[in-house]
1. Given the conditions (1) more than 16 Å from Tyr19 (Cβ to Cβ); (2) among the hydrophobic types (A, V, I, L, M, F, W, C); (3) part of a helix (DSSP H, G or I); (4) free of Cβ contacts under 8 Å to residues at least 12 places away in the same chain, report the number of the one that Val183 does not fulfil.
2. Output the number of residues of the stretch 137-155 satisfying the condition of being at pLDDT below 95 and under 21 Å from Pro186 (Cα atoms).
3. Restricting the search to the stretch 110-143, which residues are of a type in the set (Lys, Arg) and in a loop (DSSP other than H, G, I, E, B)?
4. Look at Trp132 and say whether it is away from ligand 2 (no atom under 13 Å from the Cβ), aromatic (Phe, Trp, Tyr) and more than 22 Å from Arg30 (Cβ to Cβ).
5. Somewhere in the stretch 163-175, is a residue in a helix (DSSP H, G or I) and at pLDDT 95 or above?
6. Filter the stretch 1-34 down to residues that are farther than 23 Å from Leu187 by Cβ and loosely packed, with under 13 Cβ neighbours inside 10 Å, then give me how many there are.
7. Which numbered condition in (1) at pLDDT below 85; (2) in contact with a Gly (Cβ under 7 Å, 6 or more places away or on another chain); (3) assigned to a loop (DSSP other than H, G, I, E, B) is the only one that Ser86 fails?
8. Give all pairs with beta carbons closer than 8 Å in which a residue from the stretch 116-135 that is closer than 20 Å to Val194 by Cβ meets a residue that is small (Gly, Ala, Ser) and in a helix (DSSP H, G or I); count only pairs at least 6 apart in sequence or on separate chains.
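The values are calculated or read from the model by the stated rules, or taken from the named source; none is laboratory data. Bear in mind that the values here come from a model prediction, so they are computed numbers and not experimental data. When we count neighbours, we look across all protein chains shown, and the Cβ atoms used for this are built from the backbone with ideal geometry, even at glycine.
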Amino acid sequence: MRIDWFMIPQALWLFLPAYVANMAPVFAMRLFPNWNRRLDGGRVWKDGRPLLGAGKTWRGLWAGCLAATATAYAQSFIRFSDVDFSDFGHELAGGAIGPLAIGFALGFGAIIGDAVKSFFKRRTGRLGGAPWVPFDQLDFVVGGLLFAYLGALILQLLPRGPPNWWASEFGGAQWPKLVVLLVLTPLLHLVVNVVGYKLRLKKVPW
Ligand code: CTP
Ligand code: MG
């Protein structure tokens, strides 16, 4: 089997909105420290522990969705000449709707994936901010891919719809890109978090 190494930068480019979404809540926390209404509304589960915890806020959800949508929209204007860098092209849905919708879905999914992880993390008794490898690293990958899949399906309902974005970027022979994301993301996550910690953006290096 021939390995197509080009799938590595392709996969990272396609998933860039979700990476940005995953980092956005930390910056939003710095910018708007007082806007910290929790996603779980302060509710407690049967086990007496927080449903999600203080680290999952509406601010983070909005920041992730906005950042990812803007990223995909910006990416839709970037063309790589003579290589098909299968992308967020405007032709995706005959206009800006495609990149905006896929970007939003990647960001929303990334943050929801992170919050679902926190639900199970609290059930295991881990406090907010405690490490939980590899779930802290992969929660947003699973969420982002899942919601982008749903977003691509919904886009198919548009008249004169383009080919399904998810299917053409990750389906069929493109499946190794999924492996690229699952393998490289924890490594990238580690590097980014150590840098964020050194820059004092994050309280803990994970
Ligand atoms: N954050 C937020 N809203 C979100 C996600 C994150 O405000 N939906 C902010 C919080 O200030 C959080 C920080 O980003 O503390 C880091 O995010 P993350 O590591 O995902 O949260 P933790 O505090 O580690 O909580 P958990 O243990 O549940 O992952
Ligand atoms: Mg954490």
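1. (1)
2. Matching residues across the stretch 137-155 total 0.
3. Listed by number, the list holds a single entry, Arg126.
4. no
5. No.
6. 6
7. Failing condition for Ser86: (2).
8. Gly128/Ser118
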